[in-house]
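Below: the structure, in structure tokens.
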Amino acid sequence: MRIILFGPPGVGKGTQAKLLVEEFHSAHISTGDLLREAMKKQTPLGLKAQQYMESGNLVPDDVVIGLIGEALKPEEAQQNFILDGFPRTLPQAKALDALLEKLNIRLDGVVSLHVDNEEIVRRLDQRRLCSTCGRIYTLGCIGAEATTCANCGGQLYQREDDKPGPVRRRLEVYQQQTKPLIDYYRETERLVSIDGTHEIGYVHKQLLDYLYRDKVHV
Ligand code: AMP
């Protein structure tokens, strides 16, 4: 499977990508995760990305395009991948098309997940991550007082960019720079749109229905 998952922040891309990875054993390529990893390690790239990320703005195209080029170098990843959070701009989408053409690879699907903005602000305000294993939690499910990960005991934290100010900026950025990609992929008939408001298992099932039904390369 070679899939692009896109949609606004908090729509459930990361959660759905992890479920698809279990199903298809694909490489999960999340530019957000790669950038956070670089930030954690304080690499030059991470230090460059930090100011953009924490304020809810996009990291420059050349940086993320470079990351994707690296992530898609292993042959195994080229055969079977889920792109989560990339592309996010038109130049990124065009650079990806050029890379895929060079590698002689075709996409199996482009999935756009959508949820309305109020629900997104509510979800991200409630989202907590484990600093050790990266598992994602919702305060509504684990209780507002929870501070440790049920999986590994690591410390839970709220992403700086999940706080209300940066979230509003991320939604604006999505609207202005990423949403136009819906038309880009629709024109090439590579798009399916799925409502991410529903329960996680239901959204996953819809994704699988689409991917299994639509096995023909696009
Ligand atoms: P995410 O984890 O996908 O929500 O991404 C978190 C942040 O990382 C975004 O708000 C951007 O600052 C940055 N980022 C992730 N992917 C990209 C991308 N494809 N292009 C530019 N910036 C990105």
Consider only pairs whose beta carbons are under 7 Å apart and that are at least six residues apart or on different chains; among these, list those whose first residue lies in the range 82-94 and is free of Cβ contacts under 8 Å to residues at least 40 places away in the same chain and more than 11 Å from ILE3 (Cα to Cα) and whose second residue is acidic (Asp, Glu) and near the ligand (Cβ under 10 Å from one of its atoms). PRO91/ASP61; GLN92/ASP61
From THR15, THR43, THR31, grab the single residue that is free of Cβ contacts under 8 Å to residues at least 40 places away in the same chain and of a type in the set (Ser, Thr, Tyr). THR43
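Per-residue answers, yes or no, for (1) under 22 Å from HIS25 (Cα atoms); (2) surrounded by 15 or more Cβ atoms within 10 Å (Cβ to Cβ):
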| site | (1), (2) |
| --- | --- |
| ARG106 | yes, no |
| VAL110 | yes, yes |
| CYS130 | no, yes |
| CYS152 | no, no |
| LEU181 | no, yes |
| LYS205 | yes, no |
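To keep it simple, each residue is scored yes or no on (1) at positive phi; (2) more than 7 Å from the ligand (Cβ to nearest atom); (3) in a helix (DSSP H, G or I).
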{"residue": "LEU35", "(1), (2), (3)": "no, no, yes"}
{"residue": "LEU45", "(1), (2), (3)": "no, yes, yes"}
{"residue": "LYS48", "(1), (2), (3)": "no, yes, yes"}
{"residue": "GLY66", "(1), (2), (3)": "no, yes, yes"}
{"residue": "GLU70", "(1), (2), (3)": "no, yes, yes"}
{"residue": "GLN78", "(1), (2), (3)": "no, yes, yes"}
{"residue": "LEU83", "(1), (2), (3)": "no, yes, no"}
{"residue": "PHE86", "(1), (2), (3)": "no, no, no"}
{"residue": "ALA93", "(1), (2), (3)": "no, yes, yes"}
Within the range 112-136, the residues that are touching a residue at least 40 places away in the same chain (Cβ under 8 Å) and among the aliphatic types (A, V, I, L, M) are LEU113, VAL115, ILE120, VAL121, LEU124, ILE136
When MET39 is run through (1) more than 11 Å from the ligand (Cβ to nearest atom); (2) modelled with pLDDT under 95; (3) more than 21 Å from TYR202 (Cα to Cα); (4) among the aliphatic types (A, V, I, L, M), the failure sits at (1)
Which listed residue is surrounded by fewer than 16 Cβ atoms within 10 Å (Cβ to Cβ) and in a helix (DSSP H, G or I), from ARG123, ARG186: ARG186
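The values are calculated or read from the model by the stated rules, or taken from the named source; none is laboratory data. Everything numeric here is computed off the predicted structure, so don't read it as measured data. Here the Cβ is made from the backbone with ideal geometry for all residues, glycine too, and neighbour counts use every protein chain on show.
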